[in-house]
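Engineer: Got a structure for you, written out below as structure tokens; questions coming shortly.
Each reported figure results from applying straightforward, stated rules to the coordinates on display, with no laboratory input. Note that the structure is a prediction, hence the values are computed from the model and not measured. Methodologically, a virtual Cβ is constructed for each residue, glycine included, from the backbone with ideal geometry; neighbour enumeration extends over all protein chains shown.
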Amino acid sequence: MMQLGRRAALGGIAALSVGGAQARDWPEKTMTWVMPFPAGGPSDGFARALAEMVGAELGQTVVVDNKSGAGGNLGAAVVSHAAADGYTMLVGFTGNAYASLIYANPGFDLLRDFAPISAVDRVQSVLLVNPKRLDVANLQQFLDRARAKPDSIDMASGGLGTVGHLAIELLQTDARIQLRHVPYRGGAPALQDLLGGQVDGLFATAGLTASYVRAGTLRALAVAGRRREQLLPDVPTFKETGFGDFRAISWDGLFAPKATPAPILDRMHAAVQKALASEKVKQQWAERGARVELESRADFAKFVAQDSARWSAVIKAAGIKPE
């Protein structure tokens, strides 16, 4: 038994030595961040802006590779089987954290198969309505209308299991109301139908909708977060209206295959944090309705686990089944 223990200890030391050597030499070539959505979307924009700065800091190019499909899960499944050498990482998002509850076989488990590195962005949702279709001036009037006429308010979302969908489910539970969920294949068509008057409401980000609110085309009722939005400073949070601590926050974050050596994870974390702390990124993120998060790898991992558990509870309570 002592001999076996000694071999195990020596094996652990050897593994650490290999990991340390990898980290000292890393990166020696181009790195790839897999983006699970098509090019041109909000998440893609955040990733590309950050990748350029991180690449400059590490002395190698960071390429953003778009691998969309399966509701944002195809890219995650690909990276879960990639070499754990620091050259292929995932720009994961909120839905990856509870994918197994929405999809029958997503091909990965974010908490099991990945090592969290850093948040990329966090974006609060805003409850919006088309005032020509649903003439309510504030959150209380919205809730009063929903209680008076159950299932009469059509709420769009970007699809089953998106944060916009789960926010609807959570609001129904917390407010004890009944809304009609109208899922779309993406946030863009959902927003277009809200603008066109085909649906009544939607949870969306301030970055995508502030211009419509300022023009009067849409009306923002409340921010589903703990702070007001810089792009919509006159719109109260749910808590400010007296509703309670209602939050619907989407996020993107950087993840590596689980077995990636800790020294490599630490170097990437430091490079991302330095970029996020820059005034350039702070300004760009604020213009898009996002905020910058500076935190340790352990803190980000804790956040992902807690957020996954929170939305998983909503999914189970709402009886949402895998596709």
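Engineer: Can you give me the Rg/Rh ratio for the range 267-307, using Cα atoms for both radii and the Kirkwood formula for Rh?
Structural biologist: 1.02
Engineer: Here is a follow-up. Counting only the backbone N, which residues of the range 243-257 are under 17 Å from the spot 7 Å out from the Cα of ASP299 toward its beta-carbon?
Structural biologist: 252-254
Engineer: On to the next question. In whole angstrom, how far apart do the alpha carbon centroids of the range 51-108 and the range 243-260 sit?
Structural biologist: The range 51-108 and the range 243-260 have Cα centres spaced 14 Å from each other.
Engineer: Separate question: By DSSP, what percent of the beta bridges with both residues in the range 124-241 are antiparallel, rounded to the nearest 5?
Structural biologist: If I count the DSSP bridges inside the range 124-241, around 60 percent turn out antiparallel.
Engineer: For the range 124-241, what does the relative contact order come out to in percent, with C-alpha contacts under 8 Å and a separation of six or more?
Structural biologist: 38
Engineer: A further question follows. What's the FRET efficiency of GLN230 with SER278 using the Cβ-Cβ distance as r and R₀ = 22 Å, to the nearest 0.05?
Structural biologist: Computed FRET efficiency for GLN230 and SER278 comes out at 0.80.
Engineer: Which one, SER312, GLN283, LEU208, is farthest towards the positive end of the dipole of the chain when Lys and Arg carry +1 and Asp and Glu -1 on their Cβ?
Structural biologist: Positive-most Cα among the choices belongs to SER312.
Engineer: Related question: List the residues of the range 98-113 whose backbone N lies under 14 Å from a point placed 7 Å from the Cα of ALA318 along the Cα-to-Cβ direction.
Structural biologist: 98-99, 101-103
Engineer: With label points built 7 Å along Cα→Cβ from the Cα atoms of ARG310 and GLN178, find their separation and express it in nm.
Structural biologist: 2.9
Engineer: For the range 104-139, which trypsin sites (Lys or Arg not before Pro) are both in a DSSP coil and crowded by at most 14 other Cβ atoms within 10 Å?
Structural biologist: Listed in order of number, the matching sites are LYS132.
Engineer: With only alpha-carbon atoms counted, please give the Rg and Dmax of the range 133-179, in Å.
Structural biologist: 10.7, 28
Engineer: Below 23 Å, Cα to Cα, which lysines can LYS282 reach? Residues fewer than 8 away in the same chain don't count.
Structural biologist: Candidates past the 8-residue exclusion: LYS274.
Engineer: Modelling each spin label as a point 7 Å along the Cα-to-Cβ direction, I'd like the VAL63/ALA262 distance in nm, to one decimal.
Structural biologist: 3.2
Engineer: Can you give the direction-averaged projected area of the convex hull of the alpha-carbon atoms in the range 196-239, in nm²?
Structural biologist: 3.1
Engineer: Here is a further query. Beyond 28 Å between alpha-carbons counts as too far, so tell me which of LYS239/LYS302; LYS132/LYS280; LYS67/LYS132; LYS67/LYS321; LYS258/LYS280 fall in that bin.
Structural biologist: From the list (LYS239/LYS302; LYS132/LYS280; LYS67/LYS132; LYS67/LYS321; LYS258/LYS280), the Cα-Cα distance tops 28 Å for LYS132/LYS280; LYS67/LYS132; LYS258/LYS280.
Engineer: For the chain, what is the convex hull volume of the alpha-carbon atoms per residue, in Å³?
Structural biologist: Considering the Cα atoms of the chain, their hull volume per residue is 140 Å³.
Engineer: Let me ask something additional. Could you state, as a whole-number percent, how many of the C-alpha pairs of the range 33-118 are farther apart than 21 Å?
Structural biologist: Summing the P(r) tail past 21 Å for the range 33-118 gives 27 percent.
Engineer: Let me ask something else about it. Could you pull the Rg and Dmax for the range 205-316, using just the Cα atoms, both in Å?
Structural biologist: Cα radius of gyration and Dmax of the range 205-316 are 16.9, 52 Å respectively.
Engineer: Can you give me the pair-distance distribution of the range 124-241, C-alpha pairs, 10 Å bins, whole percents?
Structural biologist: 15, 52, 32, 1
Engineer: Taking the Cα centre of the chain as the origin, how large is its charge dipole in debye, to the nearest 20, when only Lys and Arg (+1) and Asp and Glu (-1) carry charge on their Cβ atoms?
Structural biologist: 420
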